Amino acid sequence: MERTFAIIKPDAFAAGHAGQILSRIYSEGFKIVGLKKLYLSKVEAEGFYAVHSARPFFGELTDFMSSGPCVVMALEAENAISKWRDLMGATNPADAAEGTLRKEFGTSIGENATHGSDAPETAAFELGYFFNGLELL
Ligand code: DAT
Ligand code: MG
């Protein structure tokens, strides 16, 4: 079993899509081992996305991630990291395959509905950024 870190981003939460996304998470066989609703500050969003701090879209990205409430989750499954990336689809919703969350709920490359860790090292950092061990059951 592997764990990954996922976010229902502010666009999807504000649009009322959290329920459908959670339903999909269950139907695809993930176990939710941690979940909370947060309203990130700009500084917290910058810390989370520090790896992208040199990118031209960093300001836009961290403004967006601190623009409203989101839902952060720890998901467990076999090969959870790649399984969740597959369910999300491509970063740009315009390129995402039919049936993926970003295809269904994303509206632009910046506002793409969901986040998922891309490797075991980033999953460990991201899970630890938002959850302590006692919160993961
Ligand atoms: P992913 O979220 O698929 O792992 P990423 O790590 O490359 O993608 O980028 C993180 C987020 O930054 C992404 O979900 C949306 C935003 N982003 C990426 N490329 C962008 C771009 N060219 N313009 C605006 N936002 C972008
Ligand atoms: Mg990424």
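The values are calculated or read from the model by the stated rules, or taken from the named source; none is laboratory data. Keep in mind that this is a model prediction, so the values were computed, not measured. Positions of Cβ are generated from backbone atoms using ideal geometry, with glycine treated the same way; all protein chains shown enter the neighbour counts.
Values for this structure:
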{"item": "Inter-residue pairs, beta-carbon under 8 Å, first closer than 18 Å to Ile32 by Cβ and touching a residue at least 12 places away in the same chain (Cβ under 8 Å) and in segment 116-127, second within 14 Å of ligand 1 (Cβ to nearest atom) and acidic (Asp, Glu), 6+ apart", "result": "Ser117/Glu126"}
{"item": "Leading residue by the ranking (nearest to Ser117 (Cα to Cα)) among those in segment 46-85 that are part of a loop (DSSP other than H, G, I, E, B) and within 15 Å of ligand 2 (Cβ to nearest atom)", "result": "Tyr49"}
{"item": "Failed item in (1) touching a strand residue (DSSP E or B) at 6+ places or on another chain (Cβ under 6 Å); (2) within 12 Å of ligand 1 (Cβ to nearest atom), with Phe130 passing the rest", "result": "(2)"}
{"item": "Residue check for Glu104: out of contact with any strand residue (DSSP E or B) (no Cβ under 9 Å at 6 or more places or on another chain), within 16 Å of ligand 1 (Cβ to nearest atom), at pLDDT 95 or above and within 18 Å of His17 (Cα to Cα)", "result": "yes"}
{"item": "Whichever residue in segment 86-103 is over 15 Å from the mean Cα position of the chain (by Cα) and away from ligand 2 (no atom under 15 Å from the Cβ) and, among such residues, is surrounded by the most Cβ atoms within 10 Å (Cβ to Cβ)", "result": "Ala94"}
{"item": "Test: residue in segment 46-58 that is touching a strand residue (DSSP E or B) at 6+ places or on another chain (Cβ under 8 Å) and within 21 Å of Glu135 (Cα to Cα)", "result": "no"}
{"item": "Index of the failed condition, Lys31 passing every other in (1) out of contact with any Asp or Glu (no Cβ under 7 Å at 6 or more places or on another chain); (2) surrounded by fewer than 18 Cβ atoms within 10 Å (Cβ to Cβ)", "result": "(1)"}
{"item": "Lone unmet requirement of (1) surrounded by 15 or more Cβ atoms within 10 Å (Cβ to Cβ); (2) in a loop (DSSP other than H, G, I, E, B); (3) out of contact with any helix residue (DSSP H, G or I) (no Cβ under 6 Å at 6 or more places or on another chain) for Thr122", "result": "(2)"}
{"item": "Residue selected from segment 109-133 under the condition modelled with pLDDT of 95 or more and more than 16 Å from ligand 2 (Cβ to nearest atom), by the criterion farthest from Ala6 (Cα to Cα)", "result": "Asn132"}
